[in-house]
1. Taking the stretch 12-23 on its own, how many of its residues are free of Cβ contacts under 8 Å to residues at least 40 places away in the same chain and not hydrophobic (A, V, I, L, M, F, W, C)?
2. Could you please let me know if PRO13 is at pLDDT 95 or above, assigned to a loop (DSSP other than H, G, I, E, B) and either within 22 Å of ASP115 (Cα to Cα) or open to solvent by less than 10 Å² (accessible area, probe 1.4 Å) (or both)?
3. Looking at GLY69, GLY136, which one is touching a residue at least 60 places away in the same chain (Cβ under 8 Å) and open to solvent by 20 Å² or more (accessible area, probe 1.4 Å)?
4. With the requirement that a residue be crowded, with 18+ Cβ neighbours inside 10 Å and under 21 Å from ILE270 (Cβ atoms), what does the stretch 145-176 give you?
5. Scan the stretch 140-167 for residues that are in a loop (DSSP other than H, G, I, E, B) and within 21 Å of the chain's Cα centre (by Cα) and jot them down.
6. Is one or more of the residues making up the stretch 78-86 touching a residue at least 12 places away in the same chain (Cβ under 8 Å), open to solvent by less than 10 Å² (accessible area, probe 1.4 Å), in contact with a strand residue (DSSP E or B) (Cβ under 6 Å, 6 or more places away or on another chain) and under 17 Å from ALA187 (Cα atoms)?
7. Is it true that some residue in the stretch 236-251 is closer than 27 Å to ALA335 by Cα, aromatic (Phe, Trp, Tyr) and in contact (Cβ under 8 Å) with a residue 60 or more places away in the chain?
8. Looking only at the stretch 87-105, how many residues end up being over 20 Å from the mean Cα position of the chain (by Cα) and part of a helix (DSSP H, G or I)?
Amino acid sequence: MLYQILNAKILTPLEETAGAVVVRDGRFAEISARPLDGVPSVDARGLYLAPGFIDLHVHGGGRCTPMSGRAQDVLAMCRAHALRGTTSILPTTLAAPKDMLLRAVSAIEEARRADAPFRILGAHMEGPCLNPAQAGAQAPGALTLPKDLNLDEFLDACPSVRMMGVAPELDGGMALGDRLAEKGVVASIAHSNATYDQVVEASVHGYRDITHLYSACSGIVRVGGFRVPGVIEAGLNLDEYTVQVIADGRHLPIPLLQLIYRCRGAENIILITDGLEFAAADDLKEGEIYTQFNGVRALYEDGVMKLPDRTAFAGSAATMDQLVFHMRKAGVPMAEAVRMATLNPAMRIGETKLGRIGPGCAADFLLFDDDINVKLVATGGRALRDDWKILEDARA
């Protein structure tokens, strides 16, 4: 398979450039200054060409979730997101009883090994070692202390666990961070009531990421009249950490997206959907209450999932294209917004051949317009819908 893509605004994403992008045998071969003679061409007609989106934190999609324990549901959720531009994904578990969690990660492992037109990079376990004080929409009865978690049991069921969300201030939290680092699993501070100093300490024990900044994160509190900063302030200030951001236009208003960008820069922000099984679904009804597979009820309203009493969000219904769109609304340059959805998540989990357009990298790419309307999705150089005529539809 050899062809070249012409007339695209190329987002590598480290820069926006022009030229002919040559695809050979499922990988990018080069960006040529001029078209190559005798090589079949695809005319992008002025659309943006970007690496495929990579979502490291997503609980479901298309009404499917890994919590069912069925590999076919994992594949279905990934396909729903892939059709909207997410070519690589870490299906993410919710806090649940141990047997259910083991079935979920086993299903992710089985799906990862299946032949699919998208990449399942492994599993992300959000919990169960989360702080009940910051449980949010996680099931409180399913939470456990890090000291009581048998990590090997989960890694045996799913050797491809790539990330785990933990509240490091809990009993055994620092030791669990050390174990995760030893196993090559990214330890992310999640649903945590840690103080700033505890976040600093956690960085010495393997923690390198902060889950959905501002959501289920501690902030400044007063202790004896003194202000004590928390996870939020640490996430904005500490270079040791990347920060996950749900830029769906609901969880964080534009001024907070701008603040995070100003504090951390494009290189340290990772866009995540945190999408529930209701993400990438076209049949949600405004004002309807839905029950997640873990039994937690969620209200779909204003384009987001809320707890039924409206005291907090329960998760998002977003897809990655929407996140990039809202970062653009926050004034972030296109290449940098795309970087947050491609290169940064790839680097966070050590995927050196994903998330960029360059020689030797996997030819996973998107074509989209100025408003991030995705017109074509390809993995390994092959269009997901197996039909390049979608470009004609895009210009109709």
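The values are calculated or read from the model by the stated rules, or taken from the named source; none is laboratory data. All of these numbers come straight from a predicted model, not from anything done at the bench. Cβ atoms come from the backbone with ideal geometry, glycine included; neighbour counts cover every protein chain shown. The area values use the complete protein model at the heavy-atom level, side chains included, leaving out ligands, DNA and RNA. Shrake-Rupley method; radii C 1.70, N 1.55, O 1.52, S 1.80 Å.
1. So the first thing to find is which residues in the stretch 12-23 are free of Cβ contacts under 8 Å to residues at least 40 places away in the same chain, and the list is 17-20, 22.
In the following step, the residues that additionally are not hydrophobic (A, V, I, L, M, F, W, C) were identified as 17, 19.
Selection size over the stretch 12-23: 2.
2. When the stated conditions are applied, PRO13 passes them.
3. Going through GLY69, GLY136 in turn, just one is touching a residue at least 60 places away in the same chain (Cβ under 8 Å) and open to solvent by 20 Å² or more (accessible area, probe 1.4 Å): GLY136.
4. If the condition is that a residue be crowded, with 18+ Cβ neighbours inside 10 Å and under 21 Å from ILE270 (Cβ atoms), then VAL161, ARG162, MET163, MET164, GLY165, VAL166, ALA167, PRO168 are the ones that fit.
5. Passing the criteria: CYS158, PRO159, SER160, ALA167.
6. The answer is no, given that none of the residues of the stretch 78-86 is touching a residue at least 12 places away in the same chain (Cβ under 8 Å), open to solvent by less than 10 Å² (accessible area, probe 1.4 Å), in contact with a strand residue (DSSP E or B) (Cβ under 6 Å, 6 or more places away or on another chain) and under 17 Å from ALA187 (Cα atoms).
7. no
8. Selection size over the stretch 87-105: 5.
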